[in-house]
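A.B. asks: This is the structure I have questions about; it appears just below.
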Amino acid sequence: DAIFSKARKRRFPHDLTTWGQLGLKGQWAGKPISLYGRNSASGTYGFFKDHGLGGGDFKDAVKEQPGSASVVQGVTEDLYGIGYSGIGYRTSGVKALALAETVGGPSWTPTYENAVSGKYPLARYLYIYVVRDPRRPMDPLTKEFLRYVLSQEGQRVVIKDGYLPLPAALVAEELAKLD
């Protein structure tokens, strides 16, 4: 919030603009934090604005990117860069950070367990929406696609693409809706 937001609605006492304010020493101490984020058409932008900034506005200094891959690339190439993106876009050139919900509160690493339990403050589910007439049965091809996504093979594809699989109980719940 104090790094990316103009308003600091999450109540951090002051603006953070240099790496020294985050505890870094030496040549890093006086270097400005270079900000990368998504553009306003992105769901990631809206989620981060609501959950990371408490609904506050982004600083003008944020370099808005057209996609999460561009955010990661920007941070990779900018020694003093920091940004936010979906975990599926993480590369060896960046580090996913532990976060705390409140100042002085416990910080949580972005692990599967912390995401599923809700401890990691910026974890969220991604959804598939199906448009259909609620008075009619679901199209068989659509139903089979959803079964595939929820299958072990489908969840392996999710993992291969860098995302976290659904918990088994949630998979069972969603599969039951298809019957």
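A.B. asks: Mind checking Rg over Rh on the stretch 19-117, alpha carbons, Kirkwood formula for Rh?
C.D. replies: When Rh is taken as the Kirkwood radius, the ratio is 0.95.
A.B. asks: Of the beta bridges DSSP finds with both residues in the chain, what % are antiparallel, to the nearest 5?
C.D. replies: Close to 40 percent.
A.B. asks: Further, regarding this structure: Check which residues have an amide H placed less than 5 Å from SER34's amide H, if you skip close sequence neighbours.
C.D. replies: GLY81, ILE82
A.B. asks: Also: Say the dipole of the chain comes from +1 at the beta carbon of Lys and Arg and -1 at that of Asp and Glu; which of MET138, SER68, HIS14 then lies farthest toward its positive end?
C.D. replies: Of the candidates, HIS14 comes out farthest on the positive side.
A.B. asks: Indicate, rounded to the nearest 5 percent, the antiparallel portion of the DSSP beta bridges found entirely in the stretch 19-117.
C.D. replies: Roughly 25 percent of the beta bridges in the stretch 19-117 run antiparallel, per DSSP.
A.B. asks: Pairs LYS25/LYS95; LYS9/LYS95; LYS59/LYS119: which exceed 24 Å Cα-Cα?
C.D. replies: Over 24 Å apart, Cα to Cα: LYS9/LYS95; LYS59/LYS119.
A.B. asks: Taking the highest mean first, how do the peptides 150-159, 67-76 order by number of other beta carbon atoms within 10 angstrom per residue?
C.D. replies: Descending mean neighbour count gives 67-76, 150-159.
A.B. asks: Beyond 21 Å, what share of the Cα-Cα pairs of the chain is found? Please give it as a whole percent.
C.D. replies: 58 percent
A.B. asks: Further, regarding this structure: With +1 assigned to the C-beta of every Lys and Arg and -1 to the C-beta of every Asp and Glu, and no other charges, what is the dipole magnitude of the stretch 15-153 about the Cα centre in debye, to the nearest 20?
C.D. replies: In total the dipole reaches around 200 debye.
A.B. asks: Next question. Could you check which residue among ILE33, ILE87, ILE128 shows the biggest mean-square fluctuation in a GNM of the chain with a 10 Å Cα cutoff?
C.D. replies: The residue that fluctuates most here is ILE128.
Only the coordinates and a few stated rules stand behind these numbers; no lab work does. Keep in mind it's a predicted model, so treat the numbers as computed, not measured. All Cβ positions, even for glycine, are placed from backbone atoms using ideal geometry, and neighbour counts span all protein chains on display.
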